[in-house]
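Working notes for the structure below.
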Amino acid sequence: MSKLACWVEAMRLRTLPVSVAGVIGACGYALLDGKFKPAVAVLCLLFAVLAQIASNFANEYYDFKGGLDRKGREGPRRGVTEGDLTPGAMKAATFVTLGLACCVGLSLLLWGPWWLILAGVAIALGVLAYSTGPYPLSHHGLGEVAVVFFFGIIPVNLTYFLMCGSFTSTVLMGSVALGLMGANVLVVNNYRDYDDDRAVGKHTLLVLIGRQWGVRLYDINAVAAYMLVLTVWLGFTPHWLMVFPCLYLVLSAILSYALAHREGARLNPLLGMTACLMLFYAVLFTATAALC
């Protein structure tokens, strides 16, 4: 595998729709209020993608340093663990990418108040806290919670705020829904890596509660997300548009069935499909909001 291919693999492209979906979902709510701002949308998308890539790089580097990755794992190839990339290069890439994200974030102050700097600092710390620090979130059963916050609640509400200048309960519920959709990507990841994680002492949520909860948790998250956005969809006319969130639920059920009947590397495509399903829902919602 070439160096370029190793770096692309380390970015974990199949997971990037998760960061894109949150911003697109926020754009839908802004469109409903007639306050959509294209420049803000582009910058928020760029910030979200760079922050997630930095998080993916950090996860690979710090899991290697902590001895939590093994060669020949079921998941995507880890370049540092396999010796394709040096730890120093991965660490540098983590902080360079995070620095670029911070620069983009600072440009958003053109549309928002100074305290957004504190939000940016919290996000930057979250990028690292997921995999390292005194209490790495992904090592203590808090990975899914972190995803709900950093890929749902925070990006949706802050993007909406930058466009509309306020926070609303409707947007909050929508942000939690998107966060739960994103958490299912991690559920698939941890379901696949259950044996490897147990072997190295990495306490993901599924390691703590049992692998048998993987499919159940996937279903619970999907149904909860559907219920949280039900009210806003019922407000759209014509009412046949309700078929779209129902379609999300049906497709989620299909992926859940596949999750229950696959093992090992055969689960890898489901991770990307779950991320794309989240993005598919966000695009459908925003397109509907634009047309209504």
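The values are calculated or read from the model by the stated rules, or taken from the named source; none is laboratory data. The structure presented is a predicted model; accordingly, all values stated were derived computationally and were not measured. Cβ atoms come from the backbone with ideal geometry, glycine included; neighbour counts cover every protein chain shown. SASA here: full protein model, heavy atoms, side chains in, ligands and nucleic acids out. Shrake-Rupley method; radii C 1.70, N 1.55, O 1.52, S 1.80 Å.
Observations, loosely collected:
- Here the stretch 8-102 exposes an accessible surface that is 64 percent carbon and sulfur, computed with a 1.4 Å probe and the other protein chains kept in place.
- Amide N of the stretch 155-180 lying under 12 Å from the label point, which is placed 7 angstrom from the Cα of Trp111 along Cα→Cβ: 158-166
- The chain: C-alpha gyration tensor shape, a/c 1.5 cut-off, then a/b vs b/c: oblate
- Extension reserve of the His203-Asp33 stretch, reckoned as 0.36 nm per residue once the Cα distance is removed: 57.0 nm
- Estimated [θ] at 222 nm from DSSP helical runs (n ≥ 4, -39500 (n - 2.57)) normalised by residues in the chain, nearest 500: -23000 deg cm²/dmol
- FRET efficiency estimate (nearest 0.05) - Cβ-Cβ, Phe95 to Ala265, R0 35 angstrom: 0.65
- The stretch 251-292 - percent of accessible surface contributed by carbon and sulfur, probe 1.4 Å: 73 percent
- Helix runs (DSSP H) in the chain reaching 20 Å along axis by Cα, Kyte-Doolittle at least -1.0: 17-32, 38-65, 87-107, 169-192, 213-234, 243-260, 268-291
- Between Cys276 and Gln212, the modelled label-to-label distance comes to 3.3 nm, taking each label 7 Å out from Cα in the direction of the beta carbon.
- Accessible area (Å², per residue) of the chain, counting only protein heavy atoms and a probe of 1.4 Å: 43 Å²
- Here the gap between Ala290 and Lys3, fully extended at 0.36 nm per residue and compared with their Cα-Cα distance, gives a gain of 99.1 nm.
- Cα centroid separation, the stretch 141-218 to the stretch 241-292: 15 Å.
- Given +1 at the Cβ of Lys and Arg, -1 at the Cβ of Asp and Glu and no other charges, the dipole of the stretch 1-131 around its Cα centre is 100 debye to the nearest 20.
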